[in-house]
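See below for the structure under consideration.
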Amino acid sequence: MRKELSKQYTPHGMEQKWYKFWQDEGMFLADENNSHAKNTYSIVMPPPNITGKLHLGHALDDTLQDILIRFKRMNGYETLWLPGTDHAAIATEAKIVAKLKEEGLTKKEIGREEFLKRAFAWKEDFGGQIIAQIKRLGCSCSWEHERFTMDDGCSAAVRHLFVDLFNRGLIYRGERIVNWCPYCKTSISDAEVDYVPKAGNLWYINYKVEGGQFITIATTRPETMLGDTAIALNPKDERYADLVGKTAILPLLNRKIPIVADEYVEMEFGTGAVKITPAHDPNDFEVGQRHNLEIIKVMTEDGRINENGAKYAGLAILEARKQIIEDLKAEGVLVKTEELEHNVGICYRCGNVIEPLVSKQWFVKMKPLAQPAIDAVVQKKIKFVPERFSKIYLHWLENIKDWCISRQLWWGHRIPAYYCEQCSQMIVSEEAPKVCPNCRSTKILQDEDTLDTWFSAALWPFSTMGWPQQTNMLKNFFPTNTLVTAYDIIFFWVVRMAFVSLDQMKEIPFEYVYIHGLVRDAQGRKMSKSLGNGVDPLQVIEQNGADVLRMSLIIGNSPGNDIRFSDDKILLARNFANKIWNAARFVLMNISDTEECEELNPKALQIEDKWIITRLCKVVKEITANIEAFELGIALQKIYDFSWDVFCDWYIELAKLRLKNHEATVCCVLVNVLKEILKALHPFMPFITEEIWQALPHKGKSIMLETWGIHFKADEFKAEADEFEKLIAIIKAIRNARAQGKVTEGQKVNICIVTAEEVIKENADFITQLCKAKSVVFAKAEPEDTDGAIAATTDSARAFVYVTESVDKDKELAKLGLQLEALNKEYLVLQERLSNPGFLNKAPKAVIDNYIEQKEKLAERIVNVKANIKKYS
RNA sequence: GGGAGUAUAGCUCAGCUGGUAGAGUAUCUGCCUUACACGCAGGAGGUCACAGGUUCGAGUCCUGUUGCUCCCACCA
């Protein structure tokens, strides 16, 4: 049915309408029982966390995936795009703690149970919001399979994995140095520590050595000396050769500590002598292990000095530092103080300084798990796009340390380890034991800690498909085909999915890892809350539509590279949407209600039809290859260029001539080419393409279900299409000549063309039309009279443009008079509105700005018209 | 200290396997030719960071230098 389209593209309304339609009609459904295994395509959506709103990074990530999944769906694949949300342990817990604080409450006061209740309520609120926002973007996820990292199935998978790794000796519990955040009161993994340069001091302190000598050490953290259990020197350091093996006296506490030799000490730094605090420094811990040193913890978990710190006990770290410096000065052992800028580890979540400290934690033994994950990438079973990111992945795995998986948080998967209160027996099991297998006691407590968020995230590609059950979905859709994610998440997530999948499934979790960059602001800065430079994607959707947001994120985007998001891009996308919209409007205005344009009759085609079809086939073929190679930015650019420069600027202009006679073939070509453009564009801009599609005569239900690719044979008309380019070339040259010769639109010209090309001679009407000519004649040789003519030359033709008439002044003046009148009227209307206080107060700012802009443009035009009137009178 | 990216029109960036430099925007000239002024036609604007090399031919490949960005490690 032919429908009227409004003059300008307005997305409002169409998005909800079509999204609901697609979903109601079950178009996103993945048939998990489909056994045509070769014909399936699956993507696992990186689950957004439930702490916040959709940001542009998500929007980009999800748009890329939606393009791929829609493309594959149109290519006939059974597709599964499995969505979900992540509980984001530490981040969510921090938010809830902050909210409690507002109410004057603490975690401990309300207790674990109540805390979890609140956390789940939070999930209901915000988890739902982010899903709604993803739908708003147009993402065609398989929503009936939506998952959450802490739902029953995923939780069971987590316990299964933990128990399995534990039973195989790959999970152990031990005292190790961990990164401790005194604010979040939990350990965090190495990857969660950020290092920032900070101005600090390097203090030089004399330690007395037995026998009366002194040895000077340098430190940036003097308070840790309370836990010193040795001094270390480099074995090659001749300055101190005689000191190794002797005993030093720790100032303030007067503890006797050994002097040891260790390669770790750099002779050039400080004095070449290092105090060793195994409990509070990762390197010192290792030195301690090598030399069998005592480990003395002097810090509490909330960042204070503990009872081992003698008189300093109870002081916060910085207070203790101050006091200790004072006391060292008083004792006369503080030799000097230097300023030193050094890197300080901070918690990636709360920004507070990390204190390394020894504590009992759960770890995953990484070496045996890492190797298969390394092999998978080396052997190109898992392929990174762009390839260079595999280096980051490999480098990380080759230097991996054991993974600390326990967190002292409440929000998360509780560690499935249980302790008998009576006999201290530890039981690790998927289900909580009722009685102790050792002493039959029923007093059993579960480990207080929860697991690192990434422990459950590592299972995501298959826990979401029902693992550890052997489901049909797993059989048909696992391993998944593609993972789309940003490069900043490679260590956190990609690596962990890889080794867990290879260990548990004996298969890679995905074949391609498509890495995209970060979305930055117009100045290239990271978008962040503190800078306030974040662009809210929802607002962009509100103002311009999801299609425009999607296009502005994809255009000019190449794999792995960051993109800058700017108003220019939005404008580009909006203008393009409007262009397509109007091209469709034009086609609809020119076809009759009963037009049947399903099939093209090759015999009825004119040369320009064959030309556009050939160009179309070529471009669709290229676009297909681009999408398959993940070059989505290029693919979209090609659709843009073809639609605008080829279809609109040339074919529609050429078609106008034939449309005067309501010729059926040209209508048919217009409709069919437009349809092909819409199909190619659909993965990128799903809503506008569906809206237009539904307005066109068609048999299908939705453009989503159309088959990708062109129905015509690509090379059939190639020779004629090439011929046609010659006509285009001469038209361009003549237009150029007109402009160079300052021939205005109003001035008619006669054109004489010398050419041997039939294609030019036969299509003189097009030249008349597109070059605004009065007449076009052909000559065998260059005309004798070329005085005043402007020449235009191409490879195959030479044209002479004669300006035959000067501008008819009276006619021109009359026209300009009318124009001026109309413009003035329009101007007055705008001015009136803009001086109306009611309007100014109530209308949205965007509307007012638009009016002001329009008014300015009108004023400019009025000035121009007035100038022209002056010119002619 | 190790590694990676990047350097192309005033600005923001494309440019895949080497073959006559592209887009958007800004700018200049003409246009309300009614699908679209969110538009049309035309123009100006680039030693493709620098220096070498391979090649008949290099923005593209190799080596080096410089600037910017990022990642990893680490600084007692």
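The values are calculated or read from the model by the stated rules, or taken from the named source; none is laboratory data. Here the structure is a predicted model, which is why all the values come from computation and not from measurement. Here the Cβ positions follow ideal geometry from the backbone for every residue, glycine too, while neighbour counts run over all protein chains shown. With ligands, DNA and RNA removed, areas are computed over all heavy atoms of the protein, side chains included. Shrake-Rupley method; radii C 1.70, N 1.55, O 1.52, S 1.80 Å.
Structure notes:
- Among the candidates A:ILE634, A:ILE580, residue that is under 18 Å from the mean Cα position of the chain (by Cα) and within 9 Å of RNA strand B (Cβ to nearest atom): A:ILE634
- Residue selected from the range A:375-393 under the condition outside any loop (DSSP other than H, G, I, E, B) and surrounded by 17 or more Cβ atoms within 10 Å (Cβ to Cβ), by the criterion nearest to RNA strand B (Cβ to nearest atom): A:PHE389
- Looking across the range A:233-246, the residues that are in contact with a Gly (Cβ under 9 Å, 6 or more places away or on another chain) and open to solvent by less than 60 Å² (accessible area, probe 1.4 Å) come down to A:LEU233, A:ASN234, A:ASP237, A:TYR240.
- In the range A:641-664, the residues that are among the β-branched types (Val, Ile, Thr) form Cβ pairs under 9 Å with partners that are surrounded by fewer than 19 Cβ atoms within 10 Å (Cβ to Cβ), at six or more places apart or across chains, as follows: A:ILE652/A:PHE586.
- Condition check for A:PHE115: farther than 21 Å from A:PHE687 by Cβ, open to solvent by 50 Å² or more (accessible area, probe 1.4 Å) and among the hydrophobic types (A, V, I, L, M, F, W, C): no
- Total residues in the range A:746-787, condition closer than 18 Å to A:ASP649 by Cα, within 16 Å of RNA strand B (Cβ to nearest atom) and either assigned to a strand (DSSP E or B) or not aromatic (Phe, Trp, Tyr) (or both): 7
- Residue that is away from RNA strand B (no atom under 12 Å from the Cβ), of a type in the set (A, V, I, L, M) and buried (at least 22 other Cβ atoms within 10 Å of the Cβ), where the choices are A:ILE623, A:ILE612: A:ILE612
- Scope the range A:250-272; condition more than 13 Å from RNA strand B (Cβ to nearest atom) and out of contact with any Asp or Glu (no Cβ under 7 Å at 6 or more places or on another chain); matching residues: A:LEU253, A:ASN254, A:ARG255, A:LYS256, A:PRO258, A:ILE259, A:VAL260
- Flag for A:GLN323 being more than 16 Å from RNA strand B (Cβ to nearest atom) and open to solvent by 70 Å² or more (accessible area, probe 1.4 Å): yes
- Options A:ALA721, A:ALA739; residue that is open to solvent by less than 40 Å² (accessible area, probe 1.4 Å), out of contact with any Pro (no Cβ under 7 Å at 6 or more places or on another chain) and part of a helix (DSSP H, G or I): A:ALA721
- Looking across the range A:541-564, just one residue is more than 9 Å from RNA strand B (Cβ to nearest atom) and over 24 Å from A:LEU678 (Cβ atoms), and that is A:GLU542.
- Strands (runs of 3 or more DSSP E) enclosed by the range A:416-500 - at least 1 residues per element that are of a type in the set (Val, Ile, Thr) and more than 16 Å from RNA strand B (Cβ to nearest atom): A:426-428, A:444-446, A:480-486
- Looking at the range A:134-223, the strands (runs of 3 or more DSSP E) lying wholly inside it that each contain 2 or more residues that are β-branched (Val, Ile, Thr) and over 29 Å from the mean Cα position of the chain (by Cα) sit at A:171-181, A:193-209, A:214-219.
- Residue pairs whose Cβ atoms lie under 8 Å apart, separated by 6 or more positions or on different chains, with the first residue in the range A:213-230 and closer than 12 Å to A:LEU328 by Cβ and open to solvent by 10 Å² or more (accessible area, probe 1.4 Å) and the second more than 7 Å from RNA strand B (Cβ to nearest atom) and in a helix (DSSP H, G or I), are A:THR219/A:MET225.
- Taking the listed residues A:LYS275, A:LYS336, the one that is within 16 Å of RNA strand B (Cβ to nearest atom), touching a residue at least 60 places away in the same chain (Cβ under 8 Å) and either at positive phi or open to solvent by 80 Å² or more (accessible area, probe 1.4 Å) (or both) is A:LYS336, with no other qualifying.
- Pairs, first open to solvent by less than 50 Å² (accessible area, probe 1.4 Å) in the range A:248-270, second away from RNA strand B (no atom under 11 Å from the Cβ) and of a type in the set (Lys, Arg), C-beta under 7 Å, six or more apart: A:ALA248/A:LYS208; A:ILE249/A:LYS208; A:ILE249/A:LYS256; A:ILE259/A:LYS246; A:ASP262/A:ARG290
- Residue within the range A:554-567 that is assigned to a helix (DSSP H, G or I), farther than 26 Å from A:LEU657 by Cα and open to solvent by 10 Å² or more (accessible area, probe 1.4 Å) present: yes
- Which listed residue, of A:PRO235, A:PRO278, A:PRO282, A:PRO251, is out of contact with any helix residue (DSSP H, G or I) (no Cβ under 8 Å at 6 or more places or on another chain) and closer than 23 Å to A:LEU202 by Cβ: A:PRO282
- Restricting the range A:467-481 to residues that are farther than 18 Å from A:GLU78 by Cα and in contact with a helix residue (DSSP H, G or I) (Cβ under 6 Å, 6 or more places away or on another chain), the residue that is surrounded by the fewest Cβ atoms within 10 Å (Cβ to Cβ): A:PRO468
- Number of the condition not met by A:ILE317 [criteria: (1) touching a Pro at 6+ places or on another chain (Cβ under 9 Å); (2) open to solvent by 40 Å² or more (accessible area, probe 1.4 Å)]: (2)
- Single condition A:TYR512 does not satisfy, out of (1) within 19 Å of the chain's Cα centre (by Cα); (2) in a helix (DSSP H, G or I): (2)
- Scope the range A:679-708; condition of a type in the set (A, V, I, L, M) and not in a helix (DSSP H, G or I); matching residues: A:MET685, A:LEU696
- Output for the range A:48-84, where each listed residue is aromatic (Phe, Trp, Tyr) and touching a strand residue (DSSP E or B) at 6+ places or on another chain (Cβ under 7 Å): A:TYR77, A:TRP81
- Condition check for A:LEU696: over 16 Å from A:LYS579 (Cα atoms), open to solvent by 10 Å² or more (accessible area, probe 1.4 Å), among the hydrophobic types (A, V, I, L, M, F, W, C) and at pLDDT below 95: no
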